[in-house]
Amino acid sequence: MKHHYWEAPIVIYLFLGGLGGGIFFLSALFDLIIAPGSGLLFFAPVFFALAALALGCFFLVFELGQPPVFWRVFTTKTAIIKWGAVLLSVAMIFGFVWWASYLYVLGWEWTFGLAAALEGVRPIMLGVAGVAGFGIMVYTGVMLSTLKAHAFWATPALPVLFTVSALSTACAAIALSLGGAVDVNVIGAVVAELIHEIVHIVDIVLVVAEITVLLIMVLSFYGAGNVCAHEVAARWVRGKTAPLFWGGMVFGGLLLPLALYVLGAGSTGSEVLAPILVLCGGLLLRYLCVYSDERAPLPGEERFYERLPKSDAEFLKAWTKGENLY
């Protein structure tokens with residue numbers, strides 16, 4: 001049965017949530033393990049992560065329909081959305097404290113004391129934000145896959161696909177913003193170049209992994225016995241959504257960036273265009289998935305809707321507001 005309960009705001013929320021969570025996770029991984037002391041280089045990427053999560057939360061609250069009572073999401077005991085809200089809050093709070101400890105790079109004198117006070121807790125702040133960020137990446141896929149009535153979503157492959165895509169888009173965002181807004185010395189420039197190369201290689205692996213998981217999931221549903229899942233996959237593979245899937249998602253968002261990464265290393269196409277295409281592909285993936293929400297009708301549901309009066313039924317127009325017929 002076709003009825004969209006979620007619209008564009010949830011698409012943007014899932015994309016920005018995965019992007020922000022991925023940036024936090026990779027920033028913590030680099031600063032705490034791979035290249036200790038490189039935190040300053042992630043000042044701009046973490047800012048974009050905070051902005052992405054904040055904007056994503058806005059779209060989520062907007063889609064819920066009752067912004068003044070958004071706090072109730074934290075009080076529910078069973079809804080999966082509660083854990084998403086908790087992870088988002090933890091990542092933003094701890095991530096903001098870490099980011100605020102580097103505000104001195106902007107030259108604001110009043111932040112020097114703040115930086116000195118927070119310097120000792122930076123690893124803890126970023127570590128907690130990184131763990132929460134990983135949870136957010138996984139949650140964006142779990143949020144859909146727990147809805148068993150929607151056959152195309154109810155698969156363990158979806159959280160894997162969304163997590164890989166979130167990491168890939170995070171690599172793209174870091175590649176575009178690493179070292180931004182800060183002045184680094186020669187050693188810092190060398191470290192930044194090294195991190196950039198690592199991110200470049202990691203994103204190549206992630207794009208290949210995303211292509212693999214995406215095609216396996218879609219083609220397996222295409223040959224599945226479940227009618228709803230098959231209909232969605234057929235629409236992706238050879239139906240009205242095929243141009244977006246093959247042209248936009250597979251070619252424009254995955255294969256073309258992969259070719260630019262591999263064949264155009266060091267060029268503007270590899271450094272700028274490929275990451276932008278990866279980000280666009282990540283957004284398009286969420287769009288295609290969220291709008292693939294077909295489900296099988298409940299017994300008697302179609303008959304119920306068929307018996308409902310039409311919007312132009314005569315008895316619905318027999319009375320006008322303010323008129324008293326008695």
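The values are calculated or read from the model by the stated rules, or taken from the named source; none is laboratory data. Remember, it's a predicted structure, so these values are computed and weren't measured experimentally. Here the Cβ positions follow ideal geometry from the backbone for every residue, glycine too, while neighbour counts run over all protein chains shown. The protein model used for the area step is the full one, side chains on, heavy atoms only, and it has no ligands, DNA or RNA in it. Shrake-Rupley method; radii C 1.70, N 1.55, O 1.52, S 1.80 Å.
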- Pick from Ala116, Ala91: which is part of a helix (DSSP H, G or I), without any contact (Cβ under 8 Å) to a residue 24 or more places away in the chain and small (Gly, Ala, Ser)? Ala116
- Note on the structure: Checked the stretch 79-91 for anything under 30 Å from Leu106 (Cβ atoms) and open to solvent by less than 20 Å² (accessible area, probe 1.4 Å); matches are Leu88, Ala91
- Can you tell me which of Val164, Val207 is at pLDDT 90 or above, within 20 Å of Phe245 (Cβ to Cβ), open to solvent by 20 Å² or more (accessible area, probe 1.4 Å) and not in a loop (DSSP other than H, G, I, E, B)? Val164
- Item | Filter result (open to solvent by 60 Å² or more (accessible area, probe 1.4 Å) and aromatic (Phe, Trp, Tyr)) within the stretch 108-154 | Trp108, Trp110, Phe112, Phe134
- Query: Which residue out of Phe48, Phe58 is crowded, with 17+ Cβ neighbours inside 10 Å, within 18 Å of the chain's Cα centre (by Cα) and within 15 Å of Phe15 (Cα to Cα)?
  - Reply: Phe48
- Message: I'd like the full set of residues that are in a helix (DSSP H, G or I) and of a type in the set (Asp, Glu), limited to the stretch 242-294.
- Response: Glu271
- Note on the structure: Quick count over the stretch 210-230, residues being surrounded by 14 or more Cβ atoms within 10 Å (Cβ to Cβ) and either of a type in the set (D, E, K, R) or over 14 Å from Val160 (Cβ atoms) (or both), is 8
- Item | Selected residue (criterion: farthest from Gly20 (Cα to Cα)) from residues of the stretch 292-315 that are touching a residue at least 60 places away in the same chain (Cβ under 8 Å) and touching a helix residue (DSSP H, G or I) at 6+ places or on another chain (Cβ under 8 Å) | Ala296
- Task: Give just the number: which of (1) of a type in the set (A, V, I, L, M); (2) more than 19 Å from the chain's Cα centre (by Cα); (3) open to solvent by less than 50 Å² (accessible area, probe 1.4 Å); (4) over 14 Å from Arg122 (Cβ atoms) does Val97 not satisfy?
- Result: (4)
- Those residues of the stretch 226-241 which are assigned to a loop (DSSP other than H, G, I, E, B) and farther than 14 Å from Ala154 by Cβ, in sequence order: Gly239, Lys240, Thr241
- Item | Residue in the stretch 61-78 that is farthest from Gly22 (Cα to Cα), counting only those that are open to solvent by 50 Å² or more (accessible area, probe 1.4 Å) and part of a helix (DSSP H, G or I) | Pro68
- Item | Leading residue by the ranking (surrounded by the most Cβ atoms within 10 Å (Cβ to Cβ)) among those in the stretch 231-266 that are free of Cβ contacts under 8 Å to residues at least 40 places away in the same chain and either in contact with a His (Cβ under 6 Å, 6 or more places away or on another chain) or within 20 Å of His150 (Cβ to Cβ) (or both) | Met249
- Selection within the stretch 267-285 - under 11 Å from the mean Cα position of the chain (by Cα) and open to solvent by 10 Å² or more (accessible area, probe 1.4 Å): Leu279, Leu283, Leu284
- Task: Please tell me if Val227 is out of contact with any His (no Cβ under 8 Å at 6 or more places or on another chain), aliphatic (A, V, I, L, M) and over 19 Å from Gly141 (Cβ atoms).
- Result: yes
